[in-house]
Each structure stands twice: as C-alpha cells, then as structure tokens.
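The values are calculated or read from the model by the stated rules, or taken from the named source; none is laboratory data. Note that the structure is a prediction, hence the values are computed from the model and not measured. Heads up, the Cβs are rebuilt from the backbone with ideal geometry, glycines too, and the neighbour counts pull from every protein chain shown.
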Amino acid sequence: MRTASPRQGALKWALLVALALGLITIPVHAQGRGGGGRPLSVFGRQTLNFGTVLPGVPTTISRTDALNAGEFEVRGRKDTQVAIDLTLPAEMTAGALSLPLQFGPGDGGYSQAGTIAAATVFDPRVQLVTTLGANGRLYVYLGGTALPGPQQGAGTYSGTIVLTVAYTGV
Amino acid sequence: MRGLRWLRDVRWWRVIAGALLLMVAAPVAWAILVAPQAIFLSDRERTGEVHLVNTGSKPEDVQIDLEYGYPATDSAGQIGIKLIEDPDSGAPSAASWVRAFPHRVVVQPGQRQVVRLLATPPAGLKDGEYWSRILVTSRGAQVAVATPDSNIHAGLNLVLRTIISLTYRKGAVHTGVTVDDFRVTEEHDSLVTWLGLTRTGNAAYLGNVHLVVQDSLDHARATWDTPIAVYFQQHRRLAFPADSFPPGRYTVHLTLDTKRSDLPQDDVLPVPAIERSAGVVLH
C-alpha cells in the first residue's frame, strides 16, 4: 500500500488551498474545445441545521443566523450573471417518520461581499438571477422553519437541498 | 401549565449534547469546481473533456448527466436555463448521443478528475448545431448522524449542481440575431431595458450586450456589459440602478457584438455588431 509522504501531503494541501483561493486556473485543452473564462465552482460552507427540535414547537432558523443558516458560495467570472435554483424539500424524514418544513419569501439572502447580516433578501422558492461580484463571488444564505408535530417521534431527520448554478450567457 | 409538562421531562443535557454534536460534526466546506464553462465538439472533434476538482475537505460523489436545454426567458423577461428532459424529435438535442466517461466518480479532496465526452451522432445528421447541458451533481455533504436517543434532530444534506453547456457543430454553421424590440423605461429607481431578440441561421448566437447611458449633454453616465446567448428567441428584461441619475432625458445606446472574452474566439461564430438607441425620461 502506498502512503503519501509528509512533503506530498503538504503539496497536496497547498494545491487545495491555492485552488480554493482561485490562485490556479485549470488549463483545459482537450480533443474537443473548451470555453475559456473562469470556471464555475460552488462551495457549500454550511448546511441548514435545525439542531435539536422539540415536539410541537416550530423551529425557525433565520437566514442571518451565522451558526445554523445554510451558507453557500458561488465563484466564477467577475460581474457575470448566474442563475441559481434551490430545490427545497417539503419535509425531512427519519425512516417512516416525516417532519414538515416550510420556506418563506424572506428565507433567502445573497451578498457579493459575504456579509450575512446585510444580504439582500430573496425568495428561495423561485429562481435567483444575479451577478457575481467584482471578485467573482456570490454568497447565498438560507433559513427555514421546521414544524414538528406534538407527537413527533424521536429520530435524526434529514432531507436534501439541491443548489443548481449556471451561467446565463452560454 | 399542564401543557408545558413535557418541557420538564426533556433531558436537557441530551438536547445540549446533541446540538453540540451536530455543530461539531458539520463539515467546514465541500465544493466542486467544473471547467470549462462551455464545451464545443464537432464532426471533426467528437471527443472532449470536463475537469472536476474537489476544492472542499470531504470526498465528493459526483455524477455527470446530459440533458437538452438552453438559456430562455420567461414571461417576466427573466433569463434562466430551460432543461427539457424529453425533447421533441425535431429538437436539436445532443443529449442522447453524447456520453460521459465516467458517468459517476468519487473525487477526493484536492483531487482532479477528467471526465471524457464522446459524441456518437446518428447517421444523416443535418448541418447545424446540436445542444445539451452537462449537469455535474455532487453529493458531498451528509447531515451529521447523532447518537440514538429520545430527541428529535433535524438537518439538511446538500447537493451541489453545476450546469455547463455543450455544443456539437456539424458541417457549415452560421448565426445572427435580429433586434425585434428595444425599449427603455423607468421603474421606481431602476432603468429597465427590454430587449427582444431572435436568432437567425442554424447555430446559437453567443455575444455581448453593451449598454451605455448618456445624458442630454451626451456624457456617458453608466455602462453595463453582459454575455448573452440566444438559442431561439428571447424577450429579456435588464434592470439597472438609476437612483443616482438626476431627472432628465437620457439616451441608452445598445451594442450587440460577438467579442466574447470568456470564450475562445475560435468557438464564437462572428457576426457584425448591431447598434440601436432608445430614449427615456427619468423623473
């Protein structure tokens, strides 16, 4: 079995950090032709987390809750328009049990600067079309409400959010 | 107070421990980088590559799918990517005959993965462009699993999907665009441009919209640029902040050209620039 040396490991992490910071571009010269421009990348910084909820007590996570709101980052070409779709589940499940979820028109936020408290409000149930910032970044925040019933069974409930991103100009 | 009895019954140390566990176990970041933003294949170059890089800190389970689609506007003039799972037989779709290898792969943190594309078009394909979208779906984030107890834990997993375009060109291809509508209106503190475009030829129009706002003294007050792709027709609404403009008459100059700095010029079908102007009075 091959194991990476400490030097290889350090190089790997240096590459990872450089890629994450956008310091390295990916050269793409294939048999076919690839469009240039800065590639699109999506980062999930934090999932929307309701933590421990209590039976019969709705739990709302605000889009400005830095610890529990969903936080995503899109990186691409500066000042370029992107379309962002959030597919939101109506419920979370734990085996056969379900726990309803609710998303409202004020549960989404976006910011070019990455300031969660000052993010512009949007309705996460409809497509967001906006422009990446001068640094090629856009931050998206998501809140929501979990609605456990009075007899809600114990368990670890989970659901799935799908975040879809595309440039609108190609 | 009887209704609140359950509050006393809750074992709070478990609630707190569970919440801490979920917070601590949450991944810091997961991410996938997809390059390039557009793939161009042809009857001379039937293969291509998409590069995936996991820039996150967790392994990413990545799936690559192809689906017919293109940018389109809705009735409000909003642009989006329209995906059509089962296109008509006459639609210029390449989704059914371009395949990705591998179709699914786990990409480790820091690792780069090449996905090869192979086009096997049907015999007798007419000259023109055929389109698909490449959907790169990564499932890296799983909600932290709490230890079994009598509490209710709730969290959401995240699936990230990046969509890029794929174009297959067969034989002679040409494109163009006609401006069917160009109007400028004032809406609250915004300047709204309505742009009706119809593509001509047998290939998508890939260009730029360049707008310049001039005041009554012909001084440029603002400029905006945005890449545009017209596959069929678009009736697009472009809104820009105008709250800093003093009241008065303005002229908006439109230029449509195909000088795309984000795409290799060899892949952009050249079309002579189109210019239009429209006036608006801001109150």
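Could you list, in sequence order, all residues of the stretch B:39-78 that are of a type in the set (V, I, T) and part of a strand (DSSP E or B)?
At the first step, the residues of the stretch B:39-78 found to be of a type in the set (V, I, T) are B:39, B:47, B:50, B:53, B:55, B:62, B:64, B:73.
Answer for the stretch B:39-78, where residues must be of a type in the set (V, I, T) and part of a strand (DSSP E or B): B:I39, B:T47, B:V50, B:V53, B:V62, B:I64, B:T73.
Working only within the stretch A:93-111, note down all residues that are crowded, with 16+ Cβ neighbours inside 10 Å and either without any contact (Cβ under 8 Å) to a residue 40 or more places away in the chain or hydroxyl-bearing (S, T, Y) (or both).
If the condition is that a residue be crowded, with 16+ Cβ neighbours inside 10 Å and either without any contact (Cβ under 8 Å) to a residue 40 or more places away in the chain or hydroxyl-bearing (S, T, Y) (or both), then A:S98, A:Y110, A:S111 are the ones that fit.
So which of B:I81, B:I64 is at negative phi and at the interface with another protein chain (Cβ under 7 Å from one of its Cβ atoms)?
Values: B:I64 fails: at the interface with another protein chain (Cβ under 7 Å from one of its Cβ atoms).
Just one listed residue meets the conditions, B:I81.
Only one residue in A:G108, A:G143, A:G155, A:G133 is under 30 Å from B:S150 (Cα atoms) and more than 8 Å from every other protein chain (Cβ to nearest Cβ). Which one?
Numbers: A:G108 fails: under 30 Å from B:S150 (Cα atoms); A:G155 fails: more than 8 Å from every other protein chain (Cβ to nearest Cβ); A:G133 fails: under 30 Å from B:S150 (Cα atoms).
So the residue among A:G108, A:G143, A:G155, A:G133 that is under 30 Å from B:S150 (Cα atoms) and more than 8 Å from every other protein chain (Cβ to nearest Cβ) is A:G143.
Could you tell me whether A:V126 is among the β-branched types (V, I, T), out of contact with any Leu (no Cβ under 8 Å at 6 or more places or on another chain) and within 11 Å of chain B (Cβ to nearest Cβ)?
Values: among the β-branched types (V, I, T): yes; out of contact with any Leu (no Cβ under 8 Å at 6 or more places or on another chain): yes; within 11 Å of chain B (Cβ to nearest Cβ): yes.
The answer is yes for A:V126.
If the requirement is being in a strand (DSSP E or B), at the interface with chain B (Cβ under 9 Å from one of its Cβ atoms) and not acidic (D, E), which of these qualifies: A:L101, A:L138?
A:L101
Can you name the condition, by its number, that B:K126 falls short on among (1) part of a strand (DSSP E or B); (2) at pLDDT 95 or above; (3) among the charged types (D, E, K, R)?
Of (1) part of a strand (DSSP E or B); (2) at pLDDT 95 or above; (3) among the charged types (D, E, K, R), only one is false for B:K126: (1).
Residue by residue through the stretch A:57-92, note down the ones that are over 30 Å from B:T73 (Cα atoms) and either buried (at least 19 other Cβ atoms within 10 Å of the Cβ) or more than 8 Å from chain B (Cβ to nearest Cβ) (or both). Working first, answer last.
Step one: list which residues in the stretch A:57-92 are over 30 Å from B:T73 (Cα atoms), which gives A:57-62, A:64-69, A:91-92.
A:V57, A:P58, A:T60, A:I61, A:S62, A:T64, A:D65, A:A66, A:N68, A:A69, A:E91, A:M92, listed by residue number.
So, of the residues in the stretch A:112-126 that are touching a residue at least 24 places away in the same chain (Cβ under 8 Å) and outside any loop (DSSP other than H, G, I, E, B), which turns out to be surrounded by the fewest Cβ atoms within 10 Å (Cβ to Cβ)?
Step by step, filter the stretch A:112-126, then rank; the result is A:A117.
Hey, any hits in the stretch B:90-108 for a residue that's at pLDDT below 95, more than 25 Å from B:L125 (Cα to Cα), surrounded by fewer than 21 Cβ atoms within 10 Å (Cβ to Cβ) and small (G, A, S)?
The answer is no, given that none of the residues of the stretch B:90-108 is at pLDDT below 95, more than 25 Å from B:L125 (Cα to Cα), surrounded by fewer than 21 Cβ atoms within 10 Å (Cβ to Cβ) and small (G, A, S).
When the stretch B:233-260 is examined, which residues are found to be assigned to a loop (DSSP other than H, G, I, E, B), over 17 Å from the mean Cα position of the chain (by Cα) and either modelled with pLDDT of 95 or more or within 21 Å of B:L166 (Cα to Cα) (or both)?
Those that are assigned to a loop (DSSP other than H, G, I, E, B), over 17 Å from the mean Cα position of the chain (by Cα) and either modelled with pLDDT of 95 or more or within 21 Å of B:L166 (Cα to Cα) (or both): B:T258, B:K259.
Would you call B:P270 farther than 24 Å from B:I79 by Cα, without any contact (Cβ under 8 Å) to a residue 60 or more places away in the chain and in a loop (DSSP other than H, G, I, E, B)?
Numbers: farther than 24 Å from B:I79 by Cα: no; without any contact (Cβ under 8 Å) to a residue 60 or more places away in the chain: yes; in a loop (DSSP other than H, G, I, E, B): yes.
In short, no.
Restricting attention to the stretch A:141-164, which residues are outside any loop (DSSP other than H, G, I, E, B) and either aliphatic (A, V, I, L, M) or touching a Gly at 6+ places or on another chain (Cβ under 7 Å) (or both)? Write out each step before concluding.
As a first pass, look at the stretch A:141-164 and keep what is outside any loop (DSSP other than H, G, I, E, B): A:141-142, A:144-146, A:155-164.
The answer is A:Y141, A:L142, A:A146, A:G155, A:S158, A:I161, A:V162, A:L163.
Here are some residues: B:A273, B:A222. Which one is modelled with pLDDT under 95, of a type in the set (G, A, S) and touching a strand residue (DSSP E or B) at 6+ places or on another chain (Cβ under 7 Å)?
On the way: B:A273 fails: modelled with pLDDT under 95.
When all the criteria are applied, what remains is B:A222.
How many residues, within the stretch B:60-83, are farther than 18 Å from A:G169 by Cα and modelled with pLDDT of 95 or more?
Summing the residues that are farther than 18 Å from A:G169 by Cα and modelled with pLDDT of 95 or more in the stretch B:60-83 gives 5.
Scanning the stretch B:109-127 for residues that are β-branched (V, I, T) and surrounded by 13 or more Cβ atoms within 10 Å (Cβ to Cβ), which turns out nearest to B:T55 (Cα to Cα)?
It comes out as B:V114.
Could you please let me know if A:V162 is surrounded by fewer than 21 Cβ atoms within 10 Å (Cβ to Cβ), within 7 Å of another protein chain (Cβ to nearest Cβ) and under 30 Å from B:D65 (Cα atoms)? Before you say what the answer is, go through the steps one by one.
Details: surrounded by fewer than 21 Cβ atoms within 10 Å (Cβ to Cβ): yes; within 7 Å of another protein chain (Cβ to nearest Cβ): yes; under 30 Å from B:D65 (Cα atoms): yes.
The answer is yes for A:V162.
With respect to B:D180, determine if the residue is within 30 Å of A:G51 (Cα to Cα) and among the acidic types (D, E). Please lay out each step first, then the result.
Values: within 30 Å of A:G51 (Cα to Cα): no; among the acidic types (D, E): yes.
When the stated conditions are applied, B:D180 does not pass them.
Looking at (1) farther than 22 Å from B:H174 by Cα; (2) more than 10 Å from chain A (Cβ to nearest Cβ); (3) crowded, with 17+ Cβ neighbours inside 10 Å, find the lone condition where B:V271 falls short.
All conditions are met except number (1).
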